[in-house]
Amino acid sequence: MEISGFKEGETRTLQGKIRHQFREFLAMFLYLWLLFALFSWHEAIVLAKHDIDYKPFGLAFINAFVLAKVMLVAEELRLGTRFRKTAPIFPVLHKSLLFAIIFICFNVAEEIIIGLFKGQTVAESIPRIGGGSPLGLVIASLIITLALIPFFAFREISRVMGKGVLEALFLKGHANDRATGTEKPVRQ
């Protein structure tokens with residue numbers, strides 16, 4: 001039986017893929033939104049010490065949305081899978097650094113586009129990441145890299161352990177208790 005051009009079974013596969021992609025995107029988006037919101041709050045706190053009002057909290061939402069989509073596309077293109085057959089720490093560090101560089105490049109592109117809309121030249125629009133010095137850029141890259149490590153570590157360990165095992169461990173209790181049948185009652 002065919003449903004709108006798909007053979008039977010293909011719609012479930014397509015729906016499953018869409019659901020999986022949405023869940024992946026949502027996890028990326030929420031992690032990045034939290035991360036960028038914290039960075040924005042930190043910047044607002046630092047600038048408030050100098051009596052500078054700073055409230056670009058909406059940008060954290062937009063940046064998280066766009067960069068989560070970039071991460072999803074990059075994963076579909078299999079970027080960052082170079083060290084997948086090595087110890088999990090290597091793909092985690094590789095992806096964290098790779099995506100930190102991608103995020104910085106997208107930040108630079110975003111600021112240039114915004115500057116061009118405001119009538120500035122490309123040179124005037126380039127952001128001064130980390131204060132504009134090479135050391136500041138390296139430090140900002142390291143901060144983003146370190147902030148991405150927990151996200152990619154969770155995903156890589158989940159991949160190594162098998163689908164759903166790590167999520168079940170975090171959300172449902174101890175795996176050993178379930179495996180041996182000695183599961184402890186949950187307190188309510």
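General remarks:
- Pair-distance distribution of the range 78-188: all C-alpha pairs, bin width 5 Å, starting at 0; shares per bin in whole percent are 2, 11, 14, 14, 12, 11, 10, 8, 7, 5, 3, 2, 1, 0.
- Spherically averaged projected area of the range 19-99 from its Cα convex hull (nm²): 6.4 nm²
The numbers here are math on the coordinates, done by the rules we state, and not lab data. Predicted model only: the values in this text are computed from it and were never measured.
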